[in-house]
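Data block below; observations after.
Read-outs throughout are calculated quantities, based only on the coordinates presented, and are distinct from any laboratory measurement. Since the model is a prediction, treat every value here as computed from it, not as a measurement. Virtual Cβ from ideal backbone geometry, glycine too; neighbours counted across all protein chains shown.
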Amino acid sequence: MSLQFSIWLIVGLTFALYIGIAIWSRASSTNEFYVAGKGVHPIANGMATAADWMSAASFISMAGIISFLGYDGSVYLMGWTGGYVLLALLLAPYLRKFGKFTVPAFIGDRYYSNTARTVAVFCALIVSFTYIAGQMRGVGVVFSRYLEVDINSGVFIGMGIVLFYAILGGMKGITYTQVAQYCVLIFAFMVPAIFISIEMTNNPIPQLGFGSVGSDGVYLLDKLNGLHQELGFSQYTSGSKSKLDIFFITAALMIGTAGLPHVIVRFFTVKKVSDARKSAGWALLFIAILYTTAPAIAVFARTNLIETVSEKNYNDMPSWFKKWEDTGLLEFNDKNNDQIIQYNGNETINELTIDRDIMVLANPEIAQLPNWVIALLAAGALAAALSTAAGLLLVISSSVSHDLIKRIVKPDISEKGELIVARFSAFFAVLLAGYFGINPPDFVAATVALAFGLAAASFFPAIVLGIFYKRMNKEGAISGMVIGILLMLFYMTKFKFGWFGGGDSSDWWFGISPEGFGTVAMIVNFIVSITISNLTKEPPKEIIDLVENIRLPNDTDD
Amino acid sequence: MKSIKSKDYWRNNLKYLIILLSIWFTVSFGFGVILVDQLNTIQFFGFKLGFWFAQQGSIYVFVILIFVYIYLMNRLDKNFRSSK
């Protein structure tokens, strides 16, 4: 079977499966559309959360980024898993006990204010759009490489598919599609990793493999450190970012994870409070399988790449090299005209530029794995991007149709009318996301990383204080959210897009990068919220009762 | 544990949170970031220990922490219900 045929076959089969599930589980009520009728089993919800969570960035970019950053890449590993501990311990059970459909609904009710609700809707929209842009881009990259269409057409095809099952099935359709997508993506991620691990270290478990010895009897990591030193890169296991920045980025990603509306909303779909805790545990377990494998792939890919290209003749390069050159993601510039590839940490003599995003996608080809493995990887990457995009679309559409239209603009809207509005807003959200996918602000993971800063700076303090601090009132929450998100937006646009005078890394406040700044904005949010709250009047008695109620588990069911 | 009232329930819950979150902080920010250079002087199979915590160990501990919390809270819920 030719490679192209295998890819079309496997991608086609998985798409047919998703569409089949979407038709079988289409939503007929708002309860089903928003929270899947609150009847999802905790393990199924764990898988769906994992698929929802693991985006194009996790699947395509993360191992590649770690591969280039070495130790510094740990921020993504710890950051994108550690947040689940916060979610399981501080948020999920209480929000499930509260028992509404969306995050803005919690904020609006807990802070007895439609202003708070509206602010929360806008925060949810900003966070979700920042995030979804990266997903559509990921879809485009995969389509362009594997199905040989250009990136923009890839984005359009992706938009069409997400639209189909998000609009038809709502949360119910998305949840069961995501269960299937989790299976596809984890299988696709693990198979090449296991093959390569066996090839390089004789150990079938990648997590152990990258701490083992290679065929030459040297520990793989020691060998890679040696190669890095030789070629003028900084040591793989040490990295080069400042400790303070590593700390702040990790914290921003963790807290952002716990504040992302499309993740939180997943815990509204289970039957009971105890199930919300359980599904957070399962979700993290399913996520950890990929996240502990990614750093192993990073090491395998990095070693393989250096050994394949460094100081080799350009004309002897294997076919994958030429293929990726065609997409523009790999570039060889023969500065000294000797036909030999000098790959070096020193920019003036380095001749090879590699886009981080291709490391995972090209890895099976670099390791010379069979065609069906490469095809599987394409299907897995698409599953990761589509499942996350669908989850985000749902947050966008429910924020608009439920929190904005139903609760604020037109409270007397019928359930049928609300469903139509929900489907329409999903439609417009896809169009907008597609626009961002075609005109992305940065490469996939960086776009996504900023969404975490925004979520950390806006939602996390308002939700945590709403549960753990009874005295917290609407004045405090609203000013905290507004100041938090504006501060983060200011810093992000200043240093990423050059607005407000721009600046480079030497101008960063306290040396903290835009990715890590979410932590600072979150601390500011906490301080503002608590101060303002104590200067203004207490929340009413029924709100104190509500808080006391969500702290207790006495749900016999529902 | 004997049967308990709502106040005790919440106090117990907070106690679990503080203990588990301290461990959460220690393995990630402690071992993986702040103390990483010191731990990197220790070899752990083919890994430097600090690097291993940052890219592997902390994640395993996170998973265990949530399942411990699930176990503790289910036990607490049961005691709380039987007291009513």
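Between 0 and 90 degrees, rounded to the nearest ten: what's the tilt of helix B:58-82 against the longest Cα principal axis of chain B? On a 0 to 90 degree scale, this one is about 10.
What the Kirkwood sum gives for region A:63-164 is a hydrodynamic radius of 17.0 Å, with every pair of different alpha carbons counted.
Summing charges over neighbours of A:I107, with a neighbour being any other residue whose Cβ is under 13 Å away from its Cβ, gives +3 when K and R count +1 and D and E count -1.
Over region A:137-248, the fraction of Cα-Cα pairs per 5 Å bin, rounded to whole percents and listed from the shortest bin up, is 2, 10, 10, 11, 13, 13, 14, 14, 9, 4, 1, 0.
On C-alpha positions alone, give me the angle between the axis of helix A:541-551 and the longest principal axis of chain A, in degrees, nearest 10. Tilt relative to chain A: about 40 degrees.
From its DSSP helices (H runs of at least four residues, each -39,500 (n - 2.57)), the protein assembly as shown gives a residue-normalised ellipticity at 222 nm of -22500 deg cm²/dmol. Taking the charge dipole of region A:3-551 about its Cα centre, with +1 at Lys and Arg Cβ atoms and -1 at Asp and Glu Cβ atoms, the residue from A:A251, A:I543, A:F428 reaching farthest to the positive side is A:I543. For region A:365-375, putting each phi into the Karplus relation 6.51 cos²θ - 1.76 cosθ + 1.60 with θ = phi - 60° gives couplings of 6, 4, 8, 6, 7, x, 4, 5, 5, 5, 5 Hz, in residue order, rounded to whole numbers and with x for Gly and Pro. Among A:S479, B:S83, a tally of other beta-carbon atoms within 10 Å of each Cβ gives an order, fewest to most, of B:S83, A:S479. For a straight C-alpha distance cut-off of 18 angstrom, the aspartates and glutamates reachable from A:K470 (same-chain residues fewer than eight places away being disregarded) are A:D109, A:E538, A:E542, A:D545, A:E548, B:D8.
Per the Kirkwood treatment, what hydrodynamic radius in Å, one decimal, follows for the protein assembly as shown from the mean inverse distance over all distinct Cα pairs? Final number for the Kirkwood radius of the protein assembly as shown is 25.0 Å. The listed peptides B:18-26, A:101-109, ordered by packing as a protection proxy, come out as A:101-109, B:18-26 (highest mean of other Cβ atoms within 10 Å first).
Pairs with C-alpha atoms separated by more than 30 Å, drawn from the list A:K223/A:K278; A:K172/A:K410; A:K410/A:K474; A:K97/B:K5; A:K172/A:K323, are A:K223/A:K278; A:K172/A:K323. Dipole check for region A:63-206: with +1 at the C-beta of Lys and Arg, -1 at the C-beta of Asp and Glu, and the Cα centre as origin, the magnitude is about 700 Debye. By the count of neighbouring beta-carbon atoms within 10 Å, fewest first, A:I174, A:I255, B:I42 end up ordered B:I42, A:I255, A:I174.
For region A:74-169, the residue among A:L90, A:T118, A:G154 whose Cα projects farthest onto the positive side of the dipole built from Cβ charges is A:L90.
Mind checking the angle between helix B:6-25 and chain B's longest principal axis? C-alpha axes, 0 to 90 degrees, to the nearest 10. With rounding to tens, the tilt is 0 degrees. Translational D (Stokes-Einstein, µm²/s) of region A:415-531 at 20 °C and 1.002 mPa s when Rh comes from the Kirkwood sum over C-alpha pairs? The estimated diffusion coefficient comes to 134 µm²/s. Peptide A:74-82 shows a mean partner chain C-beta count of 6 within 10 Å per residue C-beta. A simple charge model with +1 on the Cβ of Lys and Arg, -1 on the Cβ of Asp and Glu and nothing else charged puts the dipole of chain A at about 2220 debye relative to its Cα centre. Counting neighbouring beta carbons within 10 Å and listing from fewest to most, the residues A:W324, A:W508 come out as A:W508, A:W324.
If you take all other residues with their beta carbon under 14 Å from the beta carbon of A:E475, and give Lys and Arg +1 and Asp and Glu -1, the sum is +3. Selection among A:N439, A:A280, A:A27 by position relative to the dipole of chain A gives A:A27 as farthest towards the positive end (Cβ unit charges, Cα centre). For A:I340, the residues whose modelled amide H falls within less than 5 Å of its own, excluding neighbours fewer than 5 places apart on the same chain, are A:Y314.
Each Cα pair under 8 Å and six or more residues apart adds its separation to the average, and for chain A the resulting relative contact order is 29 percent. Positive contributions from Lys and Arg (+1) and negative ones from Asp and Glu (-1), summed over other residues with Cβ under 15 Å from the Cβ of A:T519, come out at 0. Partner shielding of B:42-54 amounts to 5, given as the average count of beta-carbon atoms from other chains within 10 Å of each residue beta-carbon. For a straight C-alpha distance cut-off of 16 angstrom, the aspartates and glutamates reachable from A:K243 (same-chain residues fewer than eight places away being disregarded) are A:D72, A:E515, B:D37. The charge dipole of region B:6-82, taken about its Cα centre with unit charges on the Cβ of Lys, Arg, Asp and Glu (plus for the first two, minus for the last two), comes to roughly 380 debye.
Per residue, the convex hull spanned by the Cα atoms of region B:6-82 amounts to 74 cubic angstrom.
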